[in-house]
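J.: If you scroll down you'll find the structure; I have some questions about it.
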Amino acid sequence: MNAPPPVTDDIALFLDFDGTLVEIARTPDAVEASRATIACLEGLVEHLGGALAIVSGRPIHEIDHYLAPLRLPCAGLHGLETRLHPDEEVERAPVGPEIEALKAALSGSGLLGRGVSIEDKGPAIAVHFRIAPDCEDAVVEVMQAAIAELPDLHLVRGKMVVEAKPAYRDKGWAVGTFMDLSPFRGRTPVFVGDDVTDEDGIRAAEAVGGFGVKVGTAESLARFRVSDVKGVRDWLALGLPAKAQARTRHP
């Protein structure tokens with residue numbers, strides 16, 4: 001495994017959430033961010049002069065909930081929600097009629113009630129099958145059929161989830177948006193993520209002289225890897241001053 005170099009104070013750090021900062025759980029609301037992880041992020045925010053953002057498929061209000069009391073720059077729903085500075089309000093992309101049509105199609109699909117659940121994210125729809133992995137093929141088939149006549153939507157496949165969202169924003173778009181702003185501007189972007197959707201962010205970081213860090217063993221464009229969520233936290237903590245590192249050693 002090609003381990004990433006230590007975090008230095010001249011980078012802009014972009015972090016996925018599920019599978020990167022927290023373990024994948026049986027259901028989306030069952031995740032938990034450890035006190036050590038939150039302490040590590042707090043230390044990194046100071047170390048990087050605020051150039052740290054969460055870029056996730058989750059809504060921003062959920063990121064805030066799990067990382068409380070920490071409030072960070074965020075891109076949620078793969079860029080369909082943004083909060084470019086911690087003290088700003090969340091800006092959301094409008095909900096198009098295609099999403100309402102998709103919800104109607106899914107409601108009549110017969111998938112629900114078999115361990116498959118729909119998460120209405122506003123401008124995007126996620127269909128989870130974490131507790132019914134045998135339903136994956138059926139979920140994909142139904143989603144593909146549903147968006148065949150909805151050309152403004154495209155599918156994003158993640159770990160035990162298929163999501164339909166407008167095609168004009170992704171995690172790469174989010175990285176580019178942050179990099180145009182202070183305190184990210186002029187730094188070397190580093191994107192850390194575990195899932196297929198994170199490849200857009202990794203690609204965007206690589207395109208402007210930065211690099212990606214892949215969590216796990218799946219195929220990736222990233223030049224560097226860490227093994228798991230604990231590996232992410234351990235690597236991030238290495239970039240902190242010694243006093244700040246001590247606060248990350250407790251679960």
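J.: Normalised by the number of residues in the chain, what is the relative contact order in percent for Cα pairs under 8 Å and 6+ residues apart?
T.: Taking the mean separation of contacting Cα pairs over the length of the chain, I get 25 percent.
J.: Whole number in Å², please: accessible area per residue of the chain, 1.4 Å probe, ligands, DNA and RNA not counted.
T.: Per-residue value: 45 Å².
J.: Leaving ligands, DNA and RNA out of it, rank Ser56, Ser107 by accessible area with a 1.4 Å probe, largest first.
T.: Ranking Ser56, Ser107 by accessible area, largest first, yields Ser107, Ser56.
J.: Also, I was wondering about something else. Work out how much length Leu221 to His61 would gain on full extension: take 0.36 nm times their residue separation and subtract the Cα-Cα distance, in nm to one decimal.
T.: That works out to 54.6 nm of additional length.
J.: What trypsin sites (Lys or Arg not before Pro) does the range 59-94 have in DSSP loop regions with at most 16 other beta carbons within 10 Å?
T.: Arg71
J.: Where does each of Trp235, Trp173 land when they are ordered by accessible area, with a 1.4 Å probe and the largest first?
T.: Trp173, Trp235
J.: Let me ask something else. How high is the relative contact order of the range 1-100, given as a whole-number percent (alpha carbon pairs under 8 Å, six or more residues apart)?
T.: 21
J.: Lys103: which lysines have alpha carbons under 29 Å from its alpha carbon, excluding same-chain residues fewer than 8 sequence positions away?
T.: Lys103 reaches Lys121, Lys159, Lys165, Lys171.
J.: How big is the antiparallel share of DSSP beta bridges in the chain, given as a percent to the nearest 5?
T.: In the chain, DSSP labels about 50 percent of beta bridges as antiparallel.
J.: Then there's this: So which GluC sites (Glu not before Pro) in the range 8-42 pass both tests, a DSSP loop state and at most 11 other Cβ atoms within 10 Å of the Cβ?
T.: Glu32
J.: Still on this structure: Keeping all protein chains in position, work out how much accessible area Ser109 exposes to a 1.4 Å probe, and write it in Å² to the nearest 10.
T.: Estimated to the nearest 10 Å², Ser109 gives 40 Å².
J.: Considering the values [x] 27, 20, 17; [y] 57, 20, 17; [z] 31, 19, 17, which represents semi-axes √(5λ) of the Cα gyration tensor in Å as calculated for the structure under consideration?
T.: [z]
The values are calculated or read from the model by the stated rules, or taken from the named source; none is laboratory data. Computed from a predicted structure; not experimentally measured. No Cβ is skipped: glycine too gets one built from the backbone with ideal geometry, and neighbour counts run over all protein chains shown. For the accessible areas, the whole protein counts, side chains as well, though only heavy atoms, and no ligand, DNA or RNA atoms are used. Shrake-Rupley method; radii C 1.70, N 1.55, O 1.52, S 1.80 Å.
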